[in-house]
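For reference, the structure is listed below as structure tokens.
Just so it is clear, none of the values below were taken in a lab; they were calculated from the coordinates. Because the structure is a prediction, the values reported are computed rather than measured. Glycine gets a Cβ as well: all are built from the backbone with ideal geometry, and neighbour counts include every protein chain shown.
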Amino acid sequence: MSQQKSAVTDAANDTVTLVDNATGRSCELPVMHGTIGPKVFDIGKLYAQTGMFTFDPGYTSTGSCKSSITYIDGEEGILLHRGYPIDELAENSDFLEVCYLLLNGELPSRAEKAKFEKQITYHTMVHEQLINFFRGFRRDAHPMAIMCGVVGALSAFYHDSTDIRDPRQRIVASHRLIAKMPTIAAMAYKYSVGQPFIYPRNDLSYAENFLHMTFAVPAEEYKINPVLSRAMDRIFILHADHEQNASTSTVRMAGSSGANPFACIAAGIASLWGPAHGGANEAVLNMLEEIGSKDRVGEYIKRAKDKDDPFRLMGFGHRVYKNYDPRAKVMRQTCHEVLAELGVEDEPLLELAMELERIALEDEYFVEKKLYPNVDFYSGIILRAMGFPTSMFTVLFAVARTVGWVAQWKEMIEDPTQKIGRPRQLYVGPAKRSFTPLDQRG
Ligand code: SDX
């Protein structure tokens, strides 16, 4: 608390009393408890009772909503989706089953799973007219720029699923987004390499379909490698949802005004693109290629620790995890599996990444600041080995995270207490002053 306020927790009434020591005014705030994790105190009435706002620009200590979808214990490195640990889901489930879980709260029965898979499969095609959007982009357009534009345009094609007040339309829009993202992502890749778009196939799984649309060519049959499609499916699972991260918060904020779901997801894609967020997987590969060899690792670790150097170790650190990101552990194991399958176990970038991780985890700066590899540290090495260009890495993150964005958006819309997000501020600009006419401004 600032020097003028102090907080007292009244266990009996489960409240916190804030006292403004400058004026002696106080206010009692209710404490709320979740299923697990830190309790919170509700500051909704703080301004009315004290005339003061809270101030927490990066939301480092601020909860923006109640949610039942995902829980992260940053200290222990635990990630749960509707209570199920991420490593168990990655090992035993598949991406569409995890999508069902995130959307509905429970794992599906056999019949529910078959029905959901069919619903998604039969939404994988996009309106043929959408192809014209791609032709407007330069061939060297970044695929994330294409994703932002094309996904935002979906609301111009699917008017029958934009009324957010209609539960059926919300479900149809959710299924359309989950189903069409891989198709649009694969089209963005094909457009960039000048190859023809490949239509989805209903006889393939979600991950198989995506690999087929991305890498098949009309000139010959594309053989699905089961190790690679399983790895792709697992990578989708690892990126599916992650509490109120920057892009999910962007989707919730956009949705809080009543914007249609396609526009909200386009906003999430834009936010994910940043190198501090989903753009980090692309930045990790670029960083590893810039470092180039193990003997330069020390130089870059030194730069990462230098306050005057903007360089940061991409793929390291996290707002919430102050332990190893549980997704990074599964990603590292998947990396070894994929490289072994492709016969490139000696991939120099993997060896460089592992040396970088070893040195960083022993360095007191990283230990003291609890900076560990995050989900983005190893993913790029796998994706590059699978044949994806670096510019597609964040696109794949967006494909996977769409279900998380949609599930969180749906949870917000269906919350009866939901209202438009409208934060306040600490104003530090000029006090009121009169206009100076141009001829008096010198
Ligand atoms: C994702 O929120 C989510 O859940 C995101 C995500 C998801 O699934 O949605 O998990 C996906 O975005 C993973 C993160 C990917 N980003 C990167 O790998 C980029 C590199 N990491 C950093 O930019 C940083 O760690 C962040 C952005 C991830 C977290 O930043 P915070 O929480 O705001 O922490 P900070 O920037 O305040 O850093 C704390 C300290 C600082 O030093 P001091 O100012 O306290 O002296 O640690 C330092 C930072 O300088 N630090 C780093 C560092 N990350 C933090 N120093 C060197 N290299 C780094 N990578």
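Largest mean-square fluctuation among E282, E414, E128, in a Gaussian network model of the chain whose springs join Cα atoms under 10 Å apart, belongs to E128. log₁₀ I(q)/I(0) of region 374-442 at q = 0.12, 0.23, 0.28 Å⁻¹, via Debye over equal Cα point scatterers, no solvent, to two decimals? Summing over Cα pairs of region 374-442 leads to -0.68, -1.03, -1.19. Global size of region 28-173: 21.1, 59 Å for Rg and Dmax (C-alpha atoms, Rg to one decimal, Dmax whole). The Cα-based radius of gyration and maximum Cα-Cα distance (Dmax) for region 24-66 are 11.7, 35 Å.
With viscosity 1.567 mPa s and temperature 4 °C, the Kirkwood radius over alpha carbon pairs of region 164-319 converts through Stokes-Einstein to a diffusion coefficient of 70 µm²/s.
The distance linking region 103-144 with region 250-289 is 18 Å (Cα centroid to Cα centroid, whole angstrom). Cross-linked pairs K307/K369; K180/K410; K305/K329; K190/K329: Cα-Cα separations exceed 21 Å for K305/K329; K190/K329.
Counting every pair of alpha carbons in region 39-110, the share spaced more than 15 Å apart comes to 66 percent. Considering region 299-357, its Cα convex hull presents a mean projected area of 4.9 nm². Selection among T248, A186, F133 by position relative to the dipole of the chain gives F133 as farthest towards the positive end (Cβ unit charges, Cα centre).
Close amide H contacts of I78 (hydrogens built in the peptide plane, cut-off under 5 Å, sequence separation of 5 or more or a different chain): D73.
Residue-normalised convex hull volume from the C-alpha trace of region 62-104: 76 Å³ per residue. Dividing the alpha-carbon radius of gyration of region 266-386 by the rule-of-thumb value 2.2 N^0.38 Å gives 1.03.
Its residue count N sets the reference 2.2 N^0.38 Å, and the alpha-carbon radius of gyration of region 323-441 equals 1.76 times that reference.
Per residue, the convex hull spanned by the Cα atoms of region 342-386 measures out at 58 cubic angstrom. Axis of helix 261-272 versus longest Cα principal axis of the chain: the two differ by about 90°, to the nearest ten degrees.
In a DSSP loop and with at most 14 other Cβ atoms within 10 Å, the GluC sites (Glu not before Pro) in region 167-258 are E221.
What is the diffusion coefficient of the chain in µm²/s, taking the Kirkwood radius over Cα pairs and the Stokes-Einstein relation at 25 °C with a viscosity of 0.890 mPa s?
Once the numbers are plugged in, D ends up at 103 µm²/s.
Radius of gyration over Kirkwood radius for region 106-166, both on Cα atoms: the Rg/Rh ratio is 1.11. Mind checking the angle between helix 206-215 and the chain's longest principal axis? C-alpha axes, 0 to 90 degrees, to the nearest 10. Value to nearest ten degrees: 60. The chymotrypsin sites (Phe, Trp or Tyr not before Pro) of region 272-311 include none that DSSP puts in a loop with a beta carbon having at most 10 other beta carbons within 10 Å. Against the chain, whose longest principal axis comes from its Cα atoms, helix 280-291 is set at around 70 degrees.
In this structure the amide hydrogen of F41, modeled in the peptide plane, comes within under 5 Å of the amide hydrogens of M32, none closer than 5 places in sequence on its chain.
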